[in-house]
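For reference, the structure discussed in these notes is given below.
All of the numbers you see were taken from the coordinates with simple rules; none came from a lab. Here the structure is a predicted model, which is why all the values come from computation and not from measurement. Methodologically, a virtual Cβ is constructed for each residue, glycine included, from the backbone with ideal geometry; neighbour enumeration extends over all protein chains shown.
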Amino acid sequence: MIFLVNDANILIDLLKIDLLDTFFHLEYDFQVTDMAFAEILEGNAAVLFPFLEKGLLAKQGFSFEELLQIQLLEVENPFLSIADCSCLYLSRKISATLLTGDAALRRTAEQNNIVVHGILWVLDEIIATGLISEKEARGKLIQLMELNSRLPTGECQKRIKFWGKGL
């Protein structure tokens with residue numbers, strides 16, 4: 001089973017475009033750190049509880065020693081939050097793929113030889129498994145672009161154009 005460590009922004013983006021349930025139908029072992037989970041607003045976090053209860057999403061806490069290691073990561077990478085560092089730590093610890101929309105975290109993960117993907121990869125995976133159509137993904141991406149200005153515009157436009165063929 002492939003482990004995916006989810007940064008809060010991925011889960012929030014999926015929630016905003018109503019693809020959270022679809023996301024958890026992918027064949028991965030989904031992980032979130034307790035620190036990343038704490039970044040999700042209370043109302044949004046409540047939406048995640050059923051996924052935790054069903055065992056589709058595992059929330060990972062840390063020992064005192066691990067917290068010290070996470071703090072060291074934060075000292076070494078002052079541009080990352082403690083929650084970001086917890087995701088980086090967990091990804092390294094369990095040899096997981098990291099899902100994030102945070103450019104600084106992505107860069108740091110890549111420098112540490114951690115496989116990292118963002119929301120566009122998630123949409124690609126959802127399409128590839130037949131959970132939604134390209135047409136639906138196109139609409140969801142357009143919707144997300146209106147809500148999240150930090151998305152890579154060029155890559156988004158490529159997908160919107162490709163997924164719009166035949167419309």
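Check which residues have an amide H placed less than 5 Å from residue 98's amide H, if you skip close sequence neighbours.
Under 5 Å from the amide H of residue 98 lie the amide H atoms of 5, 115, 116, 117, each far enough along the sequence or on another chain.
How large are Rg and Dmax for region 31-162 when only the alpha carbon atoms are used, in Å?
According to the Cα coordinates of region 31-162, Rg and Dmax are 16.1, 49 Å.
Grab the other residues whose beta carbon is less than 15 angstrom from that of residue 127, score K and R as +1, D and E as -1, and report the net. Don't skip to the end; give the middle numbers.
Values: positive: 135, 138, 140, 158, 159, 161, 165; negative: 27, 124, 125, 134, 136, 155.
In short, +1.
Over 23 Å between C-alpha atoms is what I'm after, so list which of 16/165; 59/158; 93/140; 93/158; 16/54; 59/135 land there.
16/165; 59/158; 93/140; 93/158; 59/135
Any idea what log10 I(q)/I(0) is at q = 0.20 Å⁻¹ for region 1-80, Debye with uniform C-alpha scatterers and no solvent?
These q points yield log10 I(q)/I(0) values of -0.94.
Treat each spin label as a single point 7 Å out from the Cα along the C-beta direction, and report the residue 104 to residue 142 distance in nm.
3.4
Before rounding to the nearest 500, sum -39500 (n - 2.57) across all DSSP H runs of length at least 4 in the chain and divide by the residue total; then give [θ] at 222 nm in deg cm²/dmol.
Estimated from H runs of four or more residues: -17500 deg cm²/dmol.
How do the peptides 26-36, 103-113, 80-90 rank, highest first, by the average count of neighbouring beta carbon atoms within 10 Å per residue? Intermediate values should be presented prior to the final figure.
Values: 26-36: 19.6, 103-113: 15.5, 80-90: 23.9.
Descending mean neighbour count gives 80-90, 26-36, 103-113.
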